[in-house]
Amino acid sequence: MTQLALTKQQHQVLSEVLETTLSDLSMEISDTDLKDYRDQLKQRREALASILEALKQGH
């Protein structure tokens, strides 16, 4: 497991970026017709969501 030390400001900015990206990905997934590409986007969304959850649990 990798550990990352962040300042409070860095933590806040990273959380905001992840939340925005997750929202954007959800819209892109719903607009995508290609199944393979949609599946890749879903995997990316799951990975980013787990990172965001880890950040929330850490603070």
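Quick note: the coordinates plus some simple rules give every number you see, no bench work behind them. For clarity, every value in this text was computed on a predicted model and none was experimentally measured. Using ideal geometry, Cβ is built from the backbone for each residue, glycine included, and neighbour counts are taken over all protein chains shown.
Computed quantities for the displayed model
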quantity	calculated
Among (1) surrounded by 14 or more Cβ atoms within 10 Å (Cβ to Cβ); (2) not in a helix (DSSP H, G or I) - the single one A5 does not satisfy	(1)
Hits in the stretch 8-34 (condition: surrounded by fewer than 13 Cβ atoms within 10 Å (Cβ to Cβ) and under 14 Å from the mean Cα position of the chain (by Cα))	V13, E16, V17, T20, S23, D24, M27
Enumeration of residues in the stretch 10-27 that are among the polar types (S, T, N, Q) and over 16 Å from Q57 (Cα atoms)	T20, T21, S23, S26
Cβ-Cβ under 8 Å pairs, at least 6 apart or on other chains, the stretch 11-30 side more than 14 Å from L55 (Cβ to Cβ), far side assigned to a helix (DSSP H, G or I) and basic (K, R)	L25/R44; L25/R45; S26/R45; I29/R38; I29/K42; I29/R45
Filtered residues of the stretch 24-59 (kept if farther than 22 Å from V13 by Cβ and outside any helix (DSSP H, G or I))	T32, D33, L34
